[in-house]
1. Among the residues of the stretch 244-256, how many are assigned to a loop (DSSP other than H, G, I, E, B) and more than 11 Å from the ligand (Cβ to nearest atom)?
2. On the basis of being touching a strand residue (DSSP E or B) at 6+ places or on another chain (Cβ under 6 Å), part of a loop (DSSP other than H, G, I, E, B) and under 23 Å from residue 197 (Cβ atoms), does residue 90 make the cut?
3. Does residue 271 fit the bill of being modelled with pLDDT under 95, more than 13 Å from residue 302 (Cα to Cα) and either more than 16 Å from the ligand (Cβ to nearest atom) or outside the structural domain of residue 344 (by TED's automatic domain parsing) (or both)?
4. Of the residues in the stretch 310-347, how many are over 18 Å from residue 300 (Cα atoms) and within 27 Å of the chain's Cα centre (by Cα)?
5. Please specify each residue of the stretch 213-227 satisfying the condition of being more than 10 Å from residue 266 (Cβ to Cβ), touching a strand residue (DSSP E or B) at 6+ places or on another chain (Cβ under 8 Å) and away from the ligand (no atom under 12 Å from the Cβ).
6. Take the stretch 228-243 and flag every residue that is more than 17 Å from the chain's Cα centre (by Cα) and within 12 Å of the ligand (Cβ to nearest atom).
7. Any residue that is modelled with pLDDT of 95 or more, over 17 Å from residue 118 (Cα atoms) and more than 16 Å from the ligand (Cβ to nearest atom) - is there at least one of those in the stretch 150-158?
8. Would you mind stating whether residue 284 is over 30 Å from residue 112 (Cβ atoms) and either in the same structural domain as residue 215 (by TED's automatic domain parsing) or modelled with pLDDT of 95 or more (or both)?
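The values are calculated or read from the model by the stated rules, or taken from the named source; none is laboratory data. A quick note: this is a predicted structure, and the numbers were derived from the prediction, not measured. Here the Cβ is made from the backbone with ideal geometry for all residues, glycine too, and neighbour counts use every protein chain on show.
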Ligand code: SF4
């Protein structure tokens, strides 16, 4: 029975069940499988996610016998923090080890902004999708993160401020699944982790404050609509298929029209009125002209959306350049004049390499993409 709630990676890391990544329903099923009542699962859920417990002995309202039993067969294991850097603007970046054997690492970033603090969470060690402007994509791919490794990023970020305080101000107000990896390519673990983020007995975040960002894995957007009601962001980056095929190669499989249909379906499946966030990385001379802004206006005319412009952050051998501030403003104006809400993402955490597009981690690449990339660049 225990095996039904253990992922492959968790099985490989030891015999104990890591309760950190179990969704509320899976935790109840697990407790049932060991002959324990549902309310005990809820007690333990609160201890882990609302009080930051990392051992069972601290759970003072749980009977001694159950604490002993849980200690024997379970654990609460967050990924190991390799480093924490705090930028002069308050941005925090963690490098998190996901596999002691290979030394594989991913990155997590917390961006404070007034009374908000947004955590950018990774979902994969690397990424399979190879978007041409993305440093993570260039690094190749190793594996999917487990639910414990995904929710563990939230747990660790809150813990970095000291002991959990359920009655204090929220230390993480928003989560964006926008770090390393394509979250819809690691579907079940991501859904489990987001369920924990929103559960009242765990982190209790509003569905409007948990956002999944996808490059456009269309069938999974339809599936997502049946499983959750988090907010959705689309990494669009181009106003036409010819250019998007180059920048976001998954577009060849799921072209823009199919992607926009999936977005409409997702919005219509939500119980409340919401919009899609369109992410558009502006790359000098590639996708930042005013004509392209006008094409974008036409493309998005039927979609409830707002647009987030992200000036490209160059990285070594990227082959792309950052647009000028004037060009960003001109592009923004075309959209704003047509009534779109347009934000321009300001670079945060630049001094600790935490800006968007700079998350690279360090891992064993199973795709050999990183080597091919180096070979091509050095020809
Ligand atoms: S932009 Fe996102 S989907 Fe594309 S390669 Fe980078 S991490 Fe993967």
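1. Looking only at the stretch 244-256, we keep the residues that are assigned to a loop (DSSP other than H, G, I, E, B), and these are 248, 253-255.
Next cut, more than 11 Å from the ligand (Cβ to nearest atom) only: 253-255.
Total satisfying the criteria: 3.
2. Values: touching a strand residue (DSSP E or B) at 6+ places or on another chain (Cβ under 6 Å): yes; part of a loop (DSSP other than H, G, I, E, B): yes; under 23 Å from residue 197 (Cβ atoms): yes.
Taking the combined requirement at face value, the residue satisfies it.
3. Values: modelled with pLDDT under 95: yes; more than 13 Å from residue 302 (Cα to Cα): yes; either more than 16 Å from the ligand (Cβ to nearest atom) or outside the structural domain of residue 344 (by TED's automatic domain parsing) (or both): yes.
For residue 271, the condition - modelled with pLDDT under 95, more than 13 Å from residue 302 (Cα to Cα) and either more than 16 Å from the ligand (Cβ to nearest atom) or outside the structural domain of residue 344 (by TED's automatic domain parsing) (or both) - is met.
4. Qualifying residue count for the region: 17.
5. Correct list: 220 only.
6. Keep residues of the stretch 228-243 that are more than 17 Å from the chain's Cα centre (by Cα), which gives 237-243.
Within the stretch 228-243, just 237 meets the criteria.
7. For the stretch 150-158, residues modelled with pLDDT of 95 or more, over 17 Å from residue 118 (Cα atoms) and more than 16 Å from the ligand (Cβ to nearest atom): absent.
8. Values: over 30 Å from residue 112 (Cβ atoms): no; either in the same structural domain as residue 215 (by TED's automatic domain parsing) or modelled with pLDDT of 95 or more (or both): yes.
When the stated conditions are applied, residue 284 does not pass them.
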